[in-house]
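So the structure is just underneath, and the comments pick up after that.
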Amino acid sequence: MSLTKKILIGMSLGIIAGLLFNLAIPGFFDSASNYVLIPLGKIFINLIKMLVVPIVIVSLILGSAGISDPRKLGRIGGKTIAFFLVTTAIAIILALAIGMLFQPGAGDFQLEGAEYEEKEAPPVIETLLNIIPTNPFNAMVQESMLQIIVFSIFIGFGLARLGDKVQGIVRLVEQANEVLMYLVNVIMKFAPYGAFALIATAIGGQGLDAVIAMGKYMFVVLFVLLLHLIIVYGSALSFLGKMNPIKFLKGFSPAMVVAFSTSSSSATLPISMKAAQNNLGVSKTVSSFVQPLGATINMDGTAIMQGVATIFIAQVYGQNLSMSQLLTVVLTATLASVGTAGVPGAGIIMLSMVLTSVNLPVEAIALVLGVDRLIDMCRTSINITGDAVCAVIISRSEDTIKTGDSEIVNV
């Protein structure tokens, strides 16, 4: 049985366990969660996160070193950022349109006691100025991904320009990459158990009442996520990437499953890169550059949540957003995807920025927080899928994609 099937079985059992926990005697879920599920899930997440920073550094160094021409590096970077910004804008426009069509906020909602402590995100210009680390080692300790990305690109660029003088260092980095990929394979053997624990905790902790009450909102978010996957990504793959979307989904599904269970783009990065390189034919050079960058700044799934949540909250409070306000939402959410990159809880911080921009009460975020964990699993899968779609398109445009009907390998 393949690892992907084992993870799916673990997730299915987790869903069943989570639903049973909601029907269990009071206190039983807390005991099972505190002593079994949370430790099991945390061990799995920590094992993956342990490798994220080393893999980002090593991958970007190799990717940048493989692009010896500075103009080519700039061209790939420009295409990547442009793709992310355009698809994020499309995502939130689609979310706003579907939200207004289905009206998830229509009905009676309890607004008493809705509280949320707003957290400010740094200004976009401050984020851009701070991407150059004054202390690279401190950036690694604090997991400041944008700073790590910039530092790694500089190192890779230096190795590329020095050529034969630093072949020993390049070889060392390549060997480090081999070790890290081996460790990813070892850790993924634990994935079915980690997926079971994470899913059971997420569903068991929400409560059926909260899920039922927010059912229409959840349905609209999930529907828009599916539309974005099929229409936007499917079209981009077919016309720009020259790849069959079915083949893409078949090859990239292992990473999507892991992203669903972990709810973390960064934690899924090792698996998503391996799936893109082994199953989709993306060159290591492009994958090593595009996907780590995407895991930090590409948030299509999060943008969809923000769009639907904004319409939902506006409808709950009986406010009609004007066309200028809707355009403000699109612009704010698109720029905020870069401005809040690397900030913990970036999705909710971005939502608070969007609500503030159109004068909606920030405390209304409390209405959607109850089911945000479940939605987060789905939107993370879309986020990392967008990274891989971009990698396929960039690799195709640079004529570096491996063609042919190669066998889909287990990652």
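Sorted by mean Cβ packing within 10 Å, highest first, what order do the peptides 158-164, 35-41, 265-271, 382-388 take? The partial results should precede the final answer.
Details: 158-164: 13.9, 35-41: 16.9, 265-271: 26.1, 382-388: 27.9.
The peptides rank, most packed first, as 382-388, 265-271, 35-41, 158-164.
Packing here is the average count of other Cβ atoms within 10 Å per residue, and on that basis the peptides 4-17, 46-59, 248-261, 290-303, highest first, run 290-303, 248-261, 46-59, 4-17.
Going by a ≥ b ≥ c, the root eigenvalues of the Cα gyration tensor, does the range 164-302 fall in the rounded group (a/c under 1.5), the prolate group (a/b larger than b/c) or the oblate group? It comes out oblate by the Cα gyration axes. The label-point distance for T356 and Q142, in a model that sets each label 7 Å from Cα toward Cβ, rounds to 2.0 nm.
Taking 0.36 nm per residue of separation and subtracting the current Cα-Cα distance, fully stretching the chain between L19 and I230 would add 73.0 nm. Could you work out how far helix 300-316 tilts from the main Cα principal axis of the chain, as a 0 to 90 degree angle to the nearest 10? Helix 300-316 sits at roughly 20 degrees to that axis.
For the chain, modelled as a GNM whose springs connect Cα atoms under 10 angstrom apart, the maximal fluctuation among V371, V184, V86 occurs at V86. Looking at the chain, the accessible area is 44 square angstrom per residue; that uses a 1.4 Å probe and ignores ligands, DNA and RNA. Working note: Karplus 6.51/-1.76/1.60 with θ = phi - 60° gives the range 152-164 the couplings 5, 5, 4, 4, x, 4, x, 5, 5, 6, 7, x, 5 Hz, where Gly and Pro are set to x. In the chain, helices alone account for a calculated mean residue ellipticity at 222 nm of -24500 deg cm²/dmol, with every DSSP H run of four or more residues adding -39,500 (n - 2.57). Heavy-atom surface analysis with a 1.4 Å probe gives the chain a carbon and sulfur content of 64 percent of its accessible area. What does the C-alpha gyration tensor say about the overall shape of the range 242-356? Classify as rounded when a/c is under 1.5, otherwise prolate if a/b is larger than b/c, or oblate. Cα axes put the range 242-356 in the prolate bin. Sequence-distant contacts, meaning Cα pairs under 8 Å at least 6 residues apart, place the relative contact order of the chain at 33 percent. As a rough guide to protection, the peptides 237-243, 274-280 ranked by mean Cβ packing within 10 Å, highest first, stand as 274-280, 237-243. The label point for K402 and the one for V36, both projected 7 Å from the Cα toward the Cβ, are 4.2 nm apart. Computed from Cα atoms, the angle from the helix 372-397 axis to the main principal axis of the chain rounds to 30 degrees. Between the Cα long axis of helix 70-102 and the first principal axis of the chain there is an angle of about 10°, rounded to the nearest 10. Taking 7 Å steps out from each Cα toward its Cβ at L331 and Q103 produces label points 2.9 nm apart.
The values are calculated or read from the model by the stated rules, or taken from the named source; none is laboratory data. Everything numeric here is computed off the predicted structure, so don't read it as measured data. Methodologically, a virtual Cβ is constructed for each residue, glycine included, from the backbone with ideal geometry; neighbour enumeration extends over all protein chains shown. Ligands, DNA and RNA are excluded from the accessible area calculation, which covers all protein heavy atoms including side chains. Shrake-Rupley method; radii C 1.70, N 1.55, O 1.52, S 1.80 Å.
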